[in-house]
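Working notes, structure below.
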Amino acid sequence: MIDINKIVKAKVMRIEPTFVIVNFNEHHGICHISEISDYHVSNIERYMKLGEFYSFLLIESDEITNKYRLSFKQIRPKLLKHHREIIHSFSGFKNLYAATLKALENEPMHS
């Protein structure tokens, strides 16, 4: 099992309209279109090509099937709409909510 929140270099094995299947270190993973960019993605092939290698962030694992869910955008701040501070949450909504509130406390007020 590979650690979550780790960046891996993976080869694109299959491109579908809403996801990409990749292979890395003899493991399989999927990157959903929502993890390609925060901006509208009309065609995944504008971001990646079949057979090419790209870096992805491991965001979830299934210990039973030994498959992984990956993110392309989380390690590329320009693909995030609000990328001043990236809030990672790998342990559920409550922690994400708390981290978001903390980040907002540090946000300067706009007039």
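The values are calculated or read from the model by the stated rules, or taken from the named source; none is laboratory data. All of these numbers come straight from a predicted model, not from anything done at the bench. Counting neighbours? That spans all protein chains shown, and the Cβs are built from the backbone with ideal geometry, glycine included. Heavy atoms of the whole protein, side chains included, go into the accessibility calculation; ligands, DNA and RNA do not. Shrake-Rupley method; radii C 1.70, N 1.55, O 1.52, S 1.80 Å.
Looking at the structure I just gave you, is Leu57 open to solvent by less than 20 Å² (accessible area, probe 1.4 Å) and touching a residue at least 60 places away in the same chain (Cβ under 8 Å)?
Details: open to solvent by less than 20 Å² (accessible area, probe 1.4 Å): yes; touching a residue at least 60 places away in the same chain (Cβ under 8 Å): no.
The answer is no for Leu57.
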Could you go through the range 22-32 and let me know if any residue there is open to solvent by 40 Å² or more (accessible area, probe 1.4 Å), among the polar types (S, T, N, Q) and in contact (Cβ under 8 Å) with a residue 12 or more places away in the chain. yes
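Before we move on, is His83 under 14 Å from the mean Cα position of the chain (by Cα), surrounded by 11 or more Cβ atoms within 10 Å (Cβ to Cβ), at pLDDT below 95 and outside any helix (DSSP H, G or I)? Spell out the reasoning first.
Working: under 14 Å from the mean Cα position of the chain (by Cα): yes; surrounded by 11 or more Cβ atoms within 10 Å (Cβ to Cβ): yes; at pLDDT below 95: yes; outside any helix (DSSP H, G or I): yes.
Against the criterion (under 14 Å from the mean Cα position of the chain (by Cα), surrounded by 11 or more Cβ atoms within 10 Å (Cβ to Cβ), at pLDDT below 95 and outside any helix (DSSP H, G or I)), His83 qualifies.
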Identify the residue in the range 1-21 that is among the charged types (D, E, K, R) and part of a loop (DSSP other than H, G, I, E, B) and, among all such residues, is least open to solvent (accessible area, probe 1.4 Å). Glu16
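Pick from the range 10-37 the residues that are acidic (Asp, Glu) and more than 11 Å from the chain's Cα centre (by Cα): which of them is farthest from Asp62 (Cα to Cα)? Can you show your working first?
Looking only at the range 10-37, we keep the residues that are acidic (Asp, Glu), and these are 16, 26, 35.
Still in the list and also more than 11 Å from the chain's Cα centre (by Cα): 16, 26.
Details: Glu16: 21, Glu26: 15 Å.
Filtering first and then ranking leaves Glu16.
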